[in-house]
Each structure stands twice: as C-alpha cells, then as structure tokens.
Amino acid sequence: MSAAGAGAPAPSARTFLARANPLSKLAAAVFLTLAVLITVDWVSAAVVLTAELALLPLLHIRPGTLVRRIWPLLVAALIGAWGTALLAEKTGTVLIDAGPMVFTSGSLAAGIAIGLRGLAIALPGIYLLATTDPTDLADALAQKLRLPHRFVLGALAAMRLVGLLVEEWRTLGLARHARGAGPDAGGAARLRGFAGQSLALLVQAIRRATRLATAMEARGFGAAERSWARTSTYSRIDAVIFGAGLAVSAAAVAAAVTAGTFNFILT
C-alpha cells in the first residue's frame, strides 16, 4: 500500500483536520451538501458557507491562496447567480428594469441562493482534498467501508498520476513551442495543435496505465486477500468533526425554516 502511495506530499500532520480519519470528513461533507441540496434558499446556504469559511484557519491556508485555487468556482458561482436572477420568475419589488434585463427582489434572492449554494457545495470537497492524503483515504475506504481493494488501489494510483499528467502537458507544450508552434499561431493552427497535444497526452497516459497495471498485478495487488501497511482508525477528532457536520447541517435547515425561506427542492 505504501508503495502505491509514495511520491506525493501528505497534508501536514499538525493540522486538526489532517489528523482526522478521511471517512469522518467525508461524512461531514455529505451532511453539509445534503443540507444545501434539499432546499433552494439563501439562508441555509449562507449558514453552511459561513461555517465552512470559519474552518479556514484549521487548514493553515491563507484566504488569498484559497481564492487563487478556487477562482474558477467563484466565476461559476457568479455566472450561475447572474443567470438565475435574470431568468427566474419575477416576483416581489422591481429593482432594475432595463429592457430585457428585469431584476426583482424575488429573482435576486433566487440568484443569490444559487450562487451561495454552489460555493457551499464546492468548499467541502476542496477542504477534503486539501487535508487528506490519498493513501489514508484509500486505507479508510478499503478497511472501514470494505470496498473492493482492486477498485480502491486503482483509484489511488490514478489520483497519484494526476500531477504527472499536468507536468507532461506542460512538457508537450514546451516541445511544441521549441518546434515553432508557439502561441502566435493562428486560430485554426492553435486548435489543431491543441488537438494533437491532447492526443499525444492520451497515448502517453494509456501506455503508462498499461505498464502500471502490469506492475501492480506482478506485485500481487490483484490477490484475493491482502494486508495493509497502515491501519485506519478513528479517534475523538473524528467524533468532533462528525458531530460538527451534523450540527451545522441541522442548524442550516432550522434557520431556513425559521426564516420562512425553506424551499424543498422537489416542490
């Protein structure tokens, strides 16, 4: 197991969230996601998002660094909020009436709800990835949830190769630039170059996956029974994280019901 997981830096063991079992963090993330998914309103999403942002110091990640990592999510949330506010049912007071662009208090609330929901759903996954070593997650899935170890180890190997694919894409781009196919090429040439570079990366990925699968089979990774280098265990930290996720989820739903904004997704 350790051989498959070697080569990538693990999250700092000094952080509170990094010491927790991945399954407790995954359960908390599921609770938070469900609390936001079952209702379309800005109150529950705001409660969950506020709680998630309050956990930022536990990640030892600066706000600026987090923004640089998730800026595509921020852009997507803004686009979703704008589109929803523009196309949602026009209820309440008219705030802006500029020809085809009409915004009312009801449509604006719907847009804000969609934007906040998107961020509240995305952040738990970001936190989970930032504080979880893939090897620990694979150990927990195989030992605690009893998932098939062939699937778990295959997924772990794939996760370890993501960074390598990014590096190979950069190398292929530099090679193309060295041959004169730089960014100054025309639109059609750049499109053909992108397609060719993507095909070359796909071929390299398939070849590497084939070699890795053969090597793993030769080392007994497909055996019916196997031992594990590390034992996945629970601690008091996991109880705290599990309880916090459940409490925040319940508080978000209760706040939406109290504020009268609770809007069940299926109604």
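Just so you know, all these numbers are worked out from the coordinates, no wet-lab data involved. Computed from a predicted model, the values in this text were never measured in an experiment. Methodologically, a virtual Cβ is constructed for each residue, glycine included, from the backbone with ideal geometry; neighbour enumeration extends over all protein chains shown.
Observations
- Simple spin-label estimate for MET101 and LEU128 in nanometres, 7 Å along Cα-Cβ: 3.7
- The mean sequence separation of alpha-carbon pairs under 8 Å and at least six residues apart, normalised by the residue count of the chain, gives a relative contact order of 37 percent.
- GNM top mover of SER227, SER105, SER235 - the chain, alpha-carbon springs below 10 Å: SER227
- Once the convex hull of all Cα atoms in segment 146-218 is built, its volume per residue stands at 94 Å³.
- Placing unit charges on the Cβ atoms only, positive for Lys and Arg and negative for Asp and Glu, gives the chain a dipole magnitude near 960 debye about its Cα centre.
- Using only alpha-carbon positions in segment 1-159, the gyration tensor eigenvalues give semi-axes of 38, 16, 14 Å once each is multiplied by 5 and square-rooted (largest first).
- Projected over every direction and averaged, the convex hull enclosing the alpha-carbon atoms of segment 68-176 yields 11.7 nm².
- Sorted by Cβ density within 10 Å, fewest first, the residues ASP133, ASP238, ASP97: ASP97, ASP133, ASP238
- Across THR33, THR171, THR50, mean-square fluctuation computed from a Gaussian network of the chain (C-alpha pairs under 10 Å connected) peaks at THR171.
- A Gaussian network model of the chain, with springs between Cα atoms under 10 Å, assigns the largest mean-square fluctuation among GLY163, GLY118, GLY245 to GLY163.
- Karplus 3J(HN,Hα) series, Hz, for segment 196-205 with 6.51 cos²θ - 1.76 cosθ + 1.60 (x for Gly, Pro): x, 5, 5, 5, 5, 5, 4, 4, 5, 5
- With only the Cα atoms considered, the chain has a convex hull volume of 190 Å³ per residue.
- For q = 0.22, 0.25 Å⁻¹, Debye-computed log10 I/I(0) when each Cα of segment 187-267 counts as one equal scatterer: -1.10, -1.17
- Label-point separation in nm, GLN204 to THR233, each point 7 Å along Cα→Cβ: 4.2
- 15 Å beta-carbon shell around GLY196, net charge (K/R +1, D/E -1): +3
- Taking GluC sites (Glu not before Pro) in DSSP loop conformation with at most 10 other Cβ atoms inside 10 Å as exposed sites, the chain has its longest uninterrupted site-free stretch at 90-224.
- For segment 161-167, 3J(HN,Hα) computed residue by residue from phi via the Karplus equation (6.51, -1.76, 1.60; θ = phi - 60°) reads 8, 4, x, 5, 5, 4, 5 Hz, glycine and proline entered as x.
- Karplus-derived 3J(HN,Hα) values for segment 86-103, using 6.51 cos²θ - 1.76 cosθ + 1.60 with θ = phi - 60°, are 6, 9, 5, 4, 7, 10, x, 6, 6, 9, 9, 10, 10, x, x, 9, 10, 10 Hz; glycine and proline are entered as x.
- For LEU95, the amide hydrogen comes within under 5 Å of the amide hydrogens of PHE103, THR104, SER105, counting only partners 5 or more places away or on other chains and with H modelled in the peptide plane.
- For segment 146-218, size of Cβ-based charge dipole, Lys and Arg +1, Asp and Glu -1, in debye: 120
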